[in-house]
Amino acid sequence: MGPEWVAIIALVALFVVGTVLPINMGALAYVAAWLVGMYALDLDEKEILAGVSGDLVLTLIGVTYLFAIARNNGTVDVIVRTAVRAVGGRVALIPWVMFAVTAVLTGIGAVSPAACAIIGPIALGFAGRHGISPLMMGMFVVHGAQAGGFSPISIYGTITNSVMEDAGLPSSEITVFLASLVVNTIMAAILFVVLGGRELMSRRVDPDDPDTLDDDLHHGGASVPARGTGTTTESRTSAVGVRRDQALTLIAFVAVALIALVFDKNIGFVAITAAVILAMLSPNEHKDAVKQIAWPTVLLVAGVSTYATILTTAGSPEFVGGWAAGLGAVAIGALILCYVGGVVSAFASSTALLPVIIPIGVPLVADGGISAGMFVAALAVSSTIVDVSPFSTNGALMLANRPDTISEPVYYKQILTYGVIVTLAGPLLVWAALVLPGW
């Protein structure tokens, strides 16, 4: 058995174990990288560890550190409250507000599950109180997270763009971002029409009534003391206006985006610099923010990116890509990879899958004349749109935060049905929209 097969079998094994057992897939990937690297590829340990991307790890740490500060000082609450009041109490627009706010959070660096965990309870609490379909509201949050999830300064976007660069593919940051934004917006629009959104258009609520807005915010974090202070989330969200530290945090987000994109500076260094400056300005409030960095995600990405290098060294991407390209039509091979990404991600981690699935598709780009940007966009969207599944973190969060007006078995069946539909039809539709026209 050649090393390419050993690496593929180990990859399947770590995904199976990571799905069945509550073990961080990054830790499993490190074990697999060590064993396969040493005993199948005859690499030493320094060569194995050379595969981890320090740039990517720094980016994950920097952006999640900055987001933790924004969550601690109530800046996230300000964004939500402002957005809801901006629509003047129009009930039909509230799901779109939740969609947009979640997209903004992931777009500026929040990990997708973290954004869903923050906005999900708020959105579902509002849905239960005002007669909006909980399935529509919950899925709007998840699709919103994926809509913004591939911005050039986001977690998914950073991972995808780094993997493309490492694989020698041309930069397609905006293509991947817009593809995810458009596809998820279309999915939300379909849900809105099918699940009663049009009936909500004539309804209004008073956005200044505490029962309309603030209680929903409290539902997502009521009476939880802020880290480092005695202030509660309740007192923050009830306050009028924007405090100085919140204004500075909003300015920091804008500055990070501008410096990283306009001046082409490393997003990790820029984000962690902004976070440190904000922490220095309010050291007591943010002294524990470093503990809220997404360390499990850092481990996940570091381990999987290390194993992705082992896969490349073993020649597995070329082997699988060559097999897919040899099916008689490169477009069919691309469709198969879209389904592999979608089905695996419905039960496993999208963050872990992206560094693996993109290099596997490189031979199709090289040999089949498929646009690199559109193909990677199709793989990325197919691998993340299925996060509505109740077996994924985001789908499970929506299930866990269901409103009291709907029973758990009923809500589970609704999310499961929608998840199955998206998993079966999503990759095909994404492939048809993004890959097929340019082939």
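The values are calculated or read from the model by the stated rules, or taken from the named source; none is laboratory data. None of these values were measured; they are calculated from a predicted model. Using ideal geometry, Cβ is built from the backbone for each residue, glycine included, and neighbour counts are taken over all protein chains shown. Quick note on the areas: whole protein, heavy atoms, side chains included, nothing else; ligands and nucleic acids left out. Shrake-Rupley method; radii C 1.70, N 1.55, O 1.52, S 1.80 Å.
Have a look at Val52, Val20 and point out the one that is under 22 Å from Ile159 (Cβ atoms) and at pLDDT below 85.
Numbers: Val20 fails: under 22 Å from Ile159 (Cβ atoms).
Going through Val52, Val20 in turn, the sole match is Val52.
How about region 376-393: which of its residues are buried (at least 23 other Cβ atoms within 10 Å of the Cβ) and not polar (S, T, N, Q)?
Val376, Ala377, Ala378, Leu379, Ala380, Val381, Ile385, Val386, Asp387, Val388
All but one of (1) under 27 Å from Gly157 (Cα atoms); (2) in contact with a Lys or Arg (Cβ under 9 Å, 6 or more places away or on another chain) hold for Arg90; which doesn't?
Every listed condition holds for Arg90 apart from (1).
Can you list residue pairs whose Cβ atoms sit under 8 Å apart, with the first residue in region 394-416 being buried (at least 17 other Cβ atoms within 10 Å of the Cβ) and the second being in a helix (DSSP H, G or I) and of a type in the set (S, T, N, Q)? Count only pairs 6 or more apart in sequence or on different chains.
Filtered contacts from region 394-416: Asn394/Ser112.
Among the residues of region 102-150, which ones are modelled with pLDDT under 90, out of contact with any Ser or Thr (no Cβ under 6 Å at 6 or more places or on another chain) and among the aliphatic types (A, V, I, L, M)?
Hits for region 102-150 are Leu105, Ile108, Ala110, Ala114, Ala117, Ile118, Ile122, Ala123, Leu124, Ala127, Ile132.
For region 359-375, state whether one or more residues are modelled with pLDDT of 80 or more, among the small types (Gly, Ala, Ser), within 27 Å of Tyr30 (Cα to Cα) and surrounded by fewer than 24 Cβ atoms within 10 Å (Cβ to Cβ).
no
When Thr75 is evaluated against the numbered criteria (1) hydroxyl-bearing (Ser, Thr, Tyr); (2) more than 30 Å from Arg204 (Cα to Cα); (3) modelled with pLDDT of 80 or more; (4) touching an Asp or Glu at 6+ places or on another chain (Cβ under 9 Å), which criterion, by number, is the only one it fails?
(2)
Run down Met25, Met98 and say which single residue is in contact (Cβ under 8 Å) with a residue 40 or more places away in the chain and touching a Ser or Thr at 6+ places or on another chain (Cβ under 7 Å). Walk me through how you get there before you give the answer.
Working: Met98 fails: touching a Ser or Thr at 6+ places or on another chain (Cβ under 7 Å).
Selected residue: Met25, the only one of Met25, Met98 that is in contact (Cβ under 8 Å) with a residue 40 or more places away in the chain and touching a Ser or Thr at 6+ places or on another chain (Cβ under 7 Å).
Residues in region 164-177: is at least one modelled with pLDDT under 95 and in contact with a Leu (Cβ under 8 Å, 6 or more places away or on another chain)?
no
Just give me the residues in region 244-273 being within 21 Å of Thr82 (Cβ to Cβ) and surrounded by 14 or more Cβ atoms within 10 Å (Cβ to Cβ), in sequence order.
Asp245, Gln246, Leu248, Thr249, Leu250, Ala252, Phe253, Ala255, Val256, Ala257, listed by residue number.
State all residues of region 79-96 that are open to solvent by 10 Å² or more (accessible area, probe 1.4 Å) and β-branched (Val, Ile, Thr); if no residue qualifies, say none.
Across region 79-96, the qualifying residues are Ile79, Thr82, Val87.
One line per residue, one yes/no per condition, for (1) without any contact (Cβ under 8 Å) to a residue 60 or more places away in the chain; (2) more than 17 Å from Ile357 (Cα to Cα); (3) open to solvent by 50 Å² or more (accessible area, probe 1.4 Å); (4) assigned to a loop (DSSP other than H, G, I, E, B):
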site: Glu4; (1), (2), (3), (4): no, no, no, no
site: Ala7; (1), (2), (3), (4): no, no, no, no
site: Leu14; (1), (2), (3), (4): no, no, no, no
site: Gly18; (1), (2), (3), (4): no, no, no, no
site: Gly51; (1), (2), (3), (4): no, no, no, yes
site: Thr59; (1), (2), (3), (4): no, yes, no, no
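Between Leu354, Leu397, Leu379, Leu436, which is more than 17 Å from the chain's Cα centre (by Cα) and hydrophobic (A, V, I, L, M, F, W, C)? Even if it seems obvious, please write down each step before you answer.
Numbers: Leu354 fails: more than 17 Å from the chain's Cα centre (by Cα); Leu397 fails: more than 17 Å from the chain's Cα centre (by Cα); Leu379 fails: more than 17 Å from the chain's Cα centre (by Cα).
The conditions single out Leu436.
Tell me which residues, restricted to region 27-49, are more than 22 Å from the chain's Cα centre (by Cα), open to solvent by less than 40 Å² (accessible area, probe 1.4 Å) and not small (Gly, Ala, Ser).
Result: Val36, Leu41, Leu43, Ile48.
Does Met201 count as open to solvent by less than 10 Å² (accessible area, probe 1.4 Å), more than 29 Å from Ile267 (Cβ to Cβ) and at pLDDT 85 or above?
Values: open to solvent by less than 10 Å² (accessible area, probe 1.4 Å): no; more than 29 Å from Ile267 (Cβ to Cβ): yes; at pLDDT 85 or above: yes.
Judged against the criteria, Met201 is not a match.
Scan region 241-272 residue by residue and report those that are within 30 Å of Glu173 (Cβ to Cβ), touching a residue at least 24 places away in the same chain (Cβ under 8 Å) and over 23 Å from the mean Cα position of the chain (by Cα).
Within region 241-272, the subset within 30 Å of Glu173 (Cβ to Cβ) is 246-272.
With the extra rule that they be touching a residue at least 24 places away in the same chain (Cβ under 8 Å), the set shrinks to 246, 248-250, 252-253, 256-257, 260-261, 266-272.
Answer for region 241-272, where residues must be within 30 Å of Glu173 (Cβ to Cβ), touching a residue at least 24 places away in the same chain (Cβ under 8 Å) and over 23 Å from the mean Cα position of the chain (by Cα): Gln246, Leu248.
Would you please name the residue that is farthest from the chain's Cα centre (by Cα), looking only at residues in region 107-148 that are among the polar types (S, T, N, Q) and assigned to a helix (DSSP H, G or I)? It would help to see each step written out before you state the result.
As a first pass, look at region 107-148 and keep what is among the polar types (S, T, N, Q): 112, 133, 146.
Retained after the next criterion (residues that are assigned to a helix (DSSP H, G or I)): 112, 146.
On the way: Ser112: 3, Gln146: 6 Å.
Taking the candidates together, the pick is Gln146.
For Ser151, which of the numbered conditions (1) assigned to a helix (DSSP H, G or I); (2) closer than 25 Å to Val270 by Cα; (3) small (Gly, Ala, Ser); (4) touching a Phe, Trp or Tyr at 6+ places or on another chain (Cβ under 6 Å) fails to hold?
For Ser151, the failing item is (1).
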